[in-house]
1. Restricting the first residue to region 70-97 and requiring it to be in a helix (DSSP H, G or I), which pairs with a second residue that is of a type outside the set (A, V, I, L, M) and surrounded by fewer than 18 Cβ atoms within 10 Å (Cβ to Cβ) meet a Cβ separation below 6 Å and a spacing of at least six or different chains?
2. Given the condition open to solvent by 30 Å² or more (accessible area, probe 1.4 Å) and either outside any helix (DSSP H, G or I) or modelled with pLDDT of 75 or more (or both), answer yes or no: does some residue in region 106-122 qualify?
3. All but one of (1) open to solvent by 30 Å² or more (accessible area, probe 1.4 Å); (2) small (Gly, Ala, Ser); (3) at pLDDT 90 or above hold for GLY41; which doesn't?
4. Determine if region 214-231 includes at least one residue that is farther than 20 Å from PHE101 by Cβ, out of contact with any helix residue (DSSP H, G or I) (no Cβ under 7 Å at 6 or more places or on another chain) and without any contact (Cβ under 8 Å) to a residue 40 or more places away in the chain.
5. Could you please let me know if SER266 is in a helix (DSSP H, G or I) and either modelled with pLDDT under 85 or closer than 20 Å to GLY136 by Cα (or both)?
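The values are calculated or read from the model by the stated rules, or taken from the named source; none is laboratory data. Note that this is a predicted model, so its numbers are computed, not measured. With ideal geometry, Cβ positions are generated from the backbone for all residues, glycine too; neighbour counts draw on all protein chains shown. Just so you know, the surface numbers come from the protein's heavy atoms only, side chains and all, with ligands and any DNA or RNA stripped out. Shrake-Rupley method; radii C 1.70, N 1.55, O 1.52, S 1.80 Å.
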Amino acid sequence: MVTVPHPTRRSSLPLALGLPLAVLTGLVLPVQGRINGALAGTLDDGIAAAVVSFTTGLVVIAAISLATPKGRAGLARIVPAVRSRSFPPFYVMAGAVGAFFVFAQSFTVGLLGVALFTVASVTGQTLSGLLVDRLGIAPGGKRSLTGLRVLGSVLTVAAVAWAVSPHFGGPSDVGTLLLPVLLPLLAGFLMSFQQAMNGTATVHYGTPLATTLVNFLAGSVVLWIAWLVKVAVAGAGNPLPAQWWFYLGGPLGCVAIGLAALLVRSLGVLVTGLGMIAGQLVGSLVLDVVIPTSGTVVALPTVLGTLLTLAAIIVATLPWPKGSFAGRSAAKGR
């Protein structure tokens with residue numbers, strides 16, 4: 001019999017360690033986005049790029065899981081946990097949310113640009129992070145909706161918009177991009193729910209390796225079906241490229257999903273998401289400076305907006321003194 005931990009037990013990972021780790025986790029996402037976007041352009045097929053990303057990620061995480069004792073133990077717990085309904089069975093489909101996000105990333109980055117995609121997905125993720133923590137879906141249980149958490153979330157969205165503002169086009173672009181921007185907005189909104197489901201599953205599997213594997217398996221199945229339908233209707237795109245770096249998107253996704261599933265147990269969904277958002281901005285800034293693409297803009301608002309994002313996370317996470325306005329707001333939410 002497999003013993004599963006109680007789903008609402010919080011991990012003891014301290015904020016001082018967990019938050020920087022969340023930022024480091026977010027650093028990989030701009031690299032993944034750059035790779036998946038380039039692959040989609042090379043293949044002339046956003047769905048095919050998502051299929052490649054998830055399939056390579058599945059192969060990597062399956063190999064790691066089978067090669068390590070912790071991974072094999074986690075794999076042995078998957079079926080018993082699902083059969084015993086230790087958590088809602090549909091949680092195993094959390095990978096479909098990741099598949100949708102990668103698809104949205106591959107399909108819309110070329111149309112919207114990284115800036116607008118980032119603002120839309122961050123807005124959705126921040127709003128749903130507040131909601132998911134309030135509902136208590138994540139393994140850490142319910143977390144109060146305090147004024148500071150709301151303020152930190154609003155500041156984060158504003159800071160991200162400021163940071164990427166040099167990349168925006170003129171007013172005439174707004175109407176044209178309004179409908180496409182709904183895709184990353186929805187993808188970002190669903191990400192918080194995915195992180196909560198993955199965090200709960202990790203508690204029961206005993207390792208994020210098993211959670212990551214289940215995610216990539218579910219996402220790969222969904223994407224392969226979507227791609228086969230697309231091929232039947234519109235035909236295949238270009239052949240796979242020979243350059244090795246086009247296939248790094250999946251392994252990077254393994255890192256992000258596994259660490260996020262581990263972090264939500266200690267930090268909650270909102271703080272984990274805010275930390276990863278800060279990492280995304282820092283990573284995007286570093287990419288634009290070190291490996292710029294055509295039309296890259298590194299302006300003062302980009303740097304200041306990134307710094308403001310880090311400040312917003314501090315507002316949302318620091319334990320303020322009880323006598324302060326911040327402390328009273330937090331106390332009311334308990």
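1. VAL82/PRO89
2. Going residue by residue through region 106-122, those that are open to solvent by 30 Å² or more (accessible area, probe 1.4 Å) are 107, 110-111, 114, 116.
Retained after the next criterion (residues that are either outside any helix (DSSP H, G or I) or modelled with pLDDT of 75 or more (or both)): none.
No, there is no match, as no residue in region 106-122 is open to solvent by 30 Å² or more (accessible area, probe 1.4 Å) and either outside any helix (DSSP H, G or I) or modelled with pLDDT of 75 or more (or both).
3. Unmet for GLY41, out of (1) open to solvent by 30 Å² or more (accessible area, probe 1.4 Å); (2) small (Gly, Ala, Ser); (3) at pLDDT 90 or above: (3).
4. Here is the first cut: in region 214-231, the residues farther than 20 Å from PHE101 by Cβ are 228, 231.
Pick out the ones that are also out of contact with any helix residue (DSSP H, G or I) (no Cβ under 7 Å at 6 or more places or on another chain) and you get 228, 231.
Next cut, without any contact (Cβ under 8 Å) to a residue 40 or more places away in the chain only: 228, 231.
Yes, region 214-231 contains at least one residue that is farther than 20 Å from PHE101 by Cβ, out of contact with any helix residue (DSSP H, G or I) (no Cβ under 7 Å at 6 or more places or on another chain) and without any contact (Cβ under 8 Å) to a residue 40 or more places away in the chain.
5. Working: in a helix (DSSP H, G or I): yes; either modelled with pLDDT under 85 or closer than 20 Å to GLY136 by Cα (or both): yes.
When the stated conditions are applied, SER266 passes them.
Residue-wise test of (1) in contact with a Pro (Cβ under 7 Å, 6 or more places away or on another chain); (2) β-branched (Val, Ile, Thr); (3) open to solvent by 40 Å² or more (accessible area, probe 1.4 Å); (4) at positive phi.
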site	(1), (2), (3), (4)
GLY46	no, no, no, no
VAL51	no, yes, no, no
THR56	yes, yes, no, no
ALA62	no, no, no, no
ALA94	no, no, no, no
PHE100	no, no, yes, no
ALA104	yes, no, no, no
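Every residue, every condition in (1) in a helix (DSSP H, G or I); (2) surrounded by 14 or more Cβ atoms within 10 Å (Cβ to Cβ); (3) modelled with pLDDT under 85, yes or no:
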{"residue": "LEU151", "(1), (2), (3)": "yes, yes, yes"}
{"residue": "VAL157", "(1), (2), (3)": "yes, yes, yes"}
{"residue": "THR176", "(1), (2), (3)": "yes, no, yes"}
{"residue": "PHE189", "(1), (2), (3)": "yes, yes, no"}
{"residue": "ALA201", "(1), (2), (3)": "yes, yes, no"}
{"residue": "LEU217", "(1), (2), (3)": "yes, yes, no"}
{"residue": "TRP227", "(1), (2), (3)": "yes, yes, no"}
{"residue": "VAL233", "(1), (2), (3)": "yes, no, no"}
